[in-house]
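Worksheet: one structure, shown below.
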Amino acid sequence: MTPAAPAYRRLSVEERRSQLLEAALSLFAHRVPEDVSLDDVAEAAGVSRPLVYRYFPGGKQQLYEAALRSAADELHHCFDEPHDGPLLPRLARVLDRYLTFVGRHDAGFSALLQGGSVVETSRTTAIVDGVRRAAAEAIYSHLAVAEPGPRLRMTVRMWITAVEAASLIWLDEDKQPPADELRDWLVDQFVAVLMVTAARDAQTAELVRGALAAET
């Protein structure tokens with residue numbers, strides 16, 4: 001006897017939207033946004049182009065921004081780390097998740113951070129900046145600093161910029177050095193910039209004496 005075909009189930013609105021976003025993210029991860037068409041997304045999702053427009057009437061721009069928000073939400077989760085145990089191993093675990101994300105999204109990550117895309121707008125820039133602010137706030141939280149001063153804020157933001165730049169170079173260099181080596185080097189960079197700032201800033205000096213004293 002021929003097995004019965006599985007019963008067809010119509011996807012809910014949210015399920016269909018998630019399916020389209022997943023297809024778009026998989027394409028944007030490996031190709032720059034301007035090289036991805038709505039036909040590509042429809043084909044990857046196994047649906048028709050009109051169906052993509054039904055869920056994203058603003059076309060490719062709306063779909064790209066929605067996919068970017070979805071990726072930003074995933075990046076936010078990279079910063080979810082319990083405040084238990086030594087500080088530097090916590091930072092290393094966050095970087096492990098971040099570099100895994102970077103490795104998976106490859107060309108899309110490069111296009112996102114380098115800018116210049118034809119689909120880049122003030123809204124997409126705001127989404128990226130929101131991720132950077134969330135990363136900084138997560139660092140302040142793990143440092144147990146409620147009100148970071150200007151020098152500490154500048155130091156943390158400079159380090160986040162350095163992490164982004166290192167990630168782009170890492171992708172250009174075919175993901176060399178290995179991710180665990182890059183992670184450890186970025187952790188060392190974090191300690192180094194804090195110690196440099198500590199020589200000029202009392203708040204940062206107190207952090208180095210306290211939170212980092214047992215680890216450096």
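The values are calculated or read from the model by the stated rules, or taken from the named source; none is laboratory data. It should be emphasised that the depicted structure is a prediction, and the values quoted were computed from it without experimental measurement. Neighbour counts are summed over all protein chains in view; Cβ atoms, including those assigned to glycine, are modelled from backbone coordinates with ideal geometry. Side chains are part of the model used for accessible areas, which takes the heavy atoms of the whole protein and leaves out ligands, DNA and RNA. Shrake-Rupley method; radii C 1.70, N 1.55, O 1.52, S 1.80 Å.
Please specify each residue of region 186-216 satisfying the condition of being closer than 19 Å to R90 by Cα and exposed (fewer than 14 other Cβ atoms within 10 Å of the Cβ).
D188, A192, R209, G210, A213, A214, E215, T216
Filter region 36-62 down to residues that are closer than 30 Å to D96 by Cβ and either modelled with pLDDT under 90 or of a type in the set (D, E) (or both), then give me how many there are. Step through it out loud before you land on a result.
So the first thing to find is which residues in region 36-62 are closer than 30 Å to D96 by Cβ, and the list is 36, 44.
If we keep only those that are either modelled with pLDDT under 90 or of a type in the set (D, E) (or both) as well, we get 36.
Qualifying residue count, region 36-62: 1.
Residue by residue through region 13-33, note down the ones that are open to solvent by 50 Å² or more (accessible area, probe 1.4 Å) and either over 20 Å from the mean Cα position of the chain (by Cα) or at pLDDT 90 or above (or both).
Correct list: V13, E14, E15, R17, Q19.
If you go through region 41-97 one residue at a time, how many are assigned to a loop (DSSP other than H, G, I, E, B), small (G, A, S) and either buried (at least 16 other Cβ atoms within 10 Å of the Cβ) or on the phi > 0 side of the Ramachandran plot (or both)? Quick ask: steps written out before the conclusion?
Residues of region 41-97 assigned to a loop (DSSP other than H, G, I, E, B): 46-48, 56-59, 79-86.
Okay, now just the ones that are also small (G, A, S), so 46, 48, 58-59, 85.
In the following step, the residues that additionally are either buried (at least 16 other Cβ atoms within 10 Å of the Cβ) or on the phi > 0 side of the Ramachandran plot (or both) were identified as 46, 59, 85.
Selection size over region 41-97: 3.
Which condition number does A165 fail, the rest of (1) in contact (Cβ under 8 Å) with a residue 12 or more places away in the chain; (2) loosely packed, with under 12 Cβ neighbours inside 10 Å being met?
The number of the failed condition is (1).
Condition first: outside any helix (DSSP H, G or I) and open to solvent by 70 Å² or more (accessible area, probe 1.4 Å). Now tell me which residues in region 176-185 satisfy that.
Taking region 176-185 and keeping what is outside any helix (DSSP H, G or I), we get 176-178.
Listed by number, the list holds a single entry, Q176.
Given the criteria open to solvent by 50 Å² or more (accessible area, probe 1.4 Å), at pLDDT below 95 and not in a helix (DSSP H, G or I), does A126 qualify? Walk me through it before giving the result.
Details: open to solvent by 50 Å² or more (accessible area, probe 1.4 Å): yes; at pLDDT below 95: yes; not in a helix (DSSP H, G or I): no.
In short, no.
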